[in-house]
Amino acid sequence: MSPHGFFGKVLIVDLSRGRIENHSLPPAIYRQVLGGYGLGARLLYDWMPPHADPLGPDNVLGFIPGLLTGAGVLFGGRFMVVGKSPLTGGWGDANCGGHFGPVLRSAGLDGLFFTGVSEEPVYLVIDGDEVALKDASHLWGLETVETEQRLKEDVGRGAEVVSIGPAGESRSLIAAIITDGGRAAARSGLAAVMGAKRLKAVVVRGRERLPIRDKEALTRLSREYGRIFQRDPSPLSPLLFRLTKTLAPLLRLLRIKPSGPVDAIIHLYRKYGTSGATALTTEVGDAPIWNWRGVAARDFPLSRSVRISDEAVIEHKLRSYGCRYCPVRCGGIVGVDGGSSGAVEEAHKPEYETLAAFGPLLLNDDLEAIVKINTLCDRFGLDTISTGVTVAFAIECAEHGLIDGALGDGLTLSWGNAEAIVELVGRIARRDGIGDVLADGVKRAAERIGGGAEDFAMHAGGQELPMHDARYEPALGLAYMVDATPGRHNTANSGFLDSPGFRHVLEAKGLSSSGRYAYHKKGRELALINRYLQVVNCAGLCMFSLMMGRPPVREWLNAATGWELSLQELLRIGHRVQVLRHLFNLREGIGVGDISLPSRASGRSPLDKGPLRGVSLDMEAMKRDYFQAMGYSEDGAPTRDLLDSLGLTGIAPGGSPHSAL
Ligand code: SF4
């Protein structure tokens with residue numbers, strides 16, 4: 001019987017030789033690891049030689065939809081990019097929405113991989129059965145939005161594009177791969193890998209349908225789950241949100257984590273997207289302030305954070321935007337007059353991570369400047385998280401006299417100076433002057449600047465930390481250290497522990513989420529949410545769905561493939577994916593417990609005020625608990641028994657992408 005739920009085929013493009021090959025995968029591999037990160041980790045462990053230069057020909061860069069991407073299920077539109085990260089030197093992956101993933105799938109592919117390095121800039125066209133590498137010299141140097149427009153015009157209706165901008169071309173290690181004019185596969189520095197391979201873009205149009213085992217069941221499951229999105233929003237939802245915001249200072253004092261009923265969450269996402277959370281999260285201690293040394297009430301009070309949050313943001317909204325198959329459409333297109341930073345006619349709405357990275361982190365409340373910066377980052381192809389953290393680092397260096405005079409290029413870098421921040425982001429994007437020193441992120445910049453600059457560099461293992469304070473969410477802080485892509489917030493986000501979409505997993509394991517600072521239990525909580533999130537990601541679903549009722553993840557997978565996966569087996573798949581990502585790093589000489597957090601992030605010098613006052617994380621206790629829950633030895637290595645039980649004992653490193661699996 002022919003397979004269901006996947007095509008069993010990936011495309012491998014050797015850029016050095018200009019060779020393109022279809023490659024069949026054995027059906028069993030999908031049941032082991034699904035798609036996305038899992039399929040990427042499984043294949044790259046085989047295909048990439050140890051210690052490959054991340055910017056050299058041996059790095060393999062993969063674009064991989066989730067297993068349900070393109071199947072038509074709600075929230076099922078995501079794809080992932082994988083490769084060796086030039087930022088961390090280890091496993092790299094990034095997750096992205098938009099429309100590219102489903103369209104790649106409609107080309108009859110479960111993944112697309114690039115090896116080698118092209119001598120000249122090229123782009124790949126996949127238009128149904130026609131696949132070709134083409135000269136990209138006319139596109140090299142263009143911003144992402146123009147690149148996308150031109151390629152869509154060339155190929156025609158239905159085409160979708162991923163591309164890099166000038167930042168990726170110049171191999172900035174904080175560059176991002178962009179699709180849909182503003183959706184980013186931003187983390188792990190994989191746009192620099194694309195730039196090093198001289199691969200400007202991929203444009204795809206497809207006509208194939210994913211074979212589904214039980215379409216009726218798939219549709220019925222989506223219809224039943226989708227009812228919650230058809231309900232009229234309760235009149236109480238906006239009220240509840242306003243009340244929560246008004247009570248934010250009280251929540252801060254009582255150290256209470258804001259949450260709400262599903263209807264209110266859906267309303268919040270539909271109306272504001274993640275921008276709705278900015279003021280609240282800043283006030284309660286979740287958003288890092290003043291490069292992780294600030295306290296909201298003192299340094300960035302509610303009166304300032306509301307200027308870059310919810311209502312203030314959507315005041316500029318021109319229309320809503322959503323990824324394919326999304327019943328919520330949390331994104332938006334905005335326009336601003338711009339004031340001193342210049343007008344932006346139409347651009348993607350900045351989301352929470354961007355607002356926080358260029359807001360409280362920099363003591364900046366100029367929303368129009370943040371919209372301008374977000375647009376710059378989308379167009380030049382930069383990761384807004386890493387760029388914001390790098391700007392914070394630069395300002396603190398300037399404060400201590402480490403960036404001044406010639407190095408500072410005449411810029412007056414100071415906290416909250418929106419005009420200078422916009423200018424600096426432009427210089428980073430163009431590698432112009434001081435921008436060149438900063439364009440590879442804070443770790444490299446600190447090494448170049450010296451003089452103790454490392455103290456201001458907020459990264460884990462080379463990757464800039466996201467906008468969730470480890471002292472507020474300790475298990476997430478643990479994830480920043482022990483995940484295979486350190487400094488990530490969405491491969492193992494412990495914030496989903498209490499979500500309705502995860503509750504059944506906790507219950508099945510007889511667990512309930514513990515107190516925020518119960519360090520001895522944080523490792524097992526992280527290991528469990530991590531396994532389930534790997535499944536959600538590798539299935540190609542948006543993780544926000546977990547906050548909106550219970551998406552039938554397992555049932556969808558079974559209907560699409562004809563498998564009969566139990567929850568237990570699903571969690572084993574998630575476990576396997578996480579172990580594979582770790583195995584990649586171990587082979588590179590990066591141990592699971594090797595990475596530490598900057599002292600500010602772990603609270604080694606605790607804050608003296610605010611909701612995080614006195615918090616000093618017990619990292620060792622959390623790590624011990626995590627290793628035990630993962631089945632690792634005391635020093636963080638997967639044991640032989642674990643590898644046997646996950647069927648990973650015999651995976652063979654060092655093969656070639658062109659050799660049979
Ligand atoms: S909730 Fe937002 S990020 Fe998730 S699929 Fe919908 S539009 Fe995309």
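Throughout, read-outs are computed from the coordinates displayed, never taken from laboratory work. Given the structure is predicted, the values throughout are model-derived calculations rather than measurements. Note that each Cβ is placed from the backbone with ideal geometry, even for glycine, and that neighbours are counted across all protein chains shown.
Some observations on this one:
- Using Cβ point charges alone (K and R +1, D and E -1), the dipole size of the chain about the Cα centre works out to roughly 1880 debye.
- Close amide H contacts of LEU382 (hydrogens built in the peptide plane, cut-off under 5 Å, sequence separation of 5 or more or a different chain): ALA176.
- Per-residue [θ]222 nm for the chain (sum of -39500 (n - 2.57) over DSSP H runs n ≥ 4, rounded to 500): -11500 deg cm²/dmol
- Ascending count of other beta-carbon atoms within 10 Å, so fewest first, for LEU199, LEU367: LEU367, LEU199
- For the stretch 1-123: rounded, prolate or oblate by the Cα gyration tensor [a/c cutoff 1.5]: prolate
- Test item: Cα-centred dipole of the stretch 314-357, Lys/Arg +1 and Asp/Glu -1 on Cβ, debye: 280 debye
- Unsatisfied cross-links (Cα-Cα over 20 Å) in the set LYS152/LYS372; LYS317/LYS372; LYS349/LYS372; LYS9/LYS152; LYS84/LYS197: LYS152/LYS372; LYS9/LYS152
- Neighbour-count ranking [beta-carbon atoms within 10 angstrom, fewest first] of HIS4, HIS504, HIS348, HIS459: HIS504, HIS4, HIS348, HIS459
- Residues ARG503, ARG427, ARG231, ARG187 arranged by fewest to most Cβ contacts within 10 Å: ARG231, ARG503, ARG427, ARG187
- Proximal lysines to LYS522, defined as alpha-carbon separation beneath 25 angstrom and excluding residues fewer than eight positions away on the same chain: LYS257, LYS509, LYS609, LYS623
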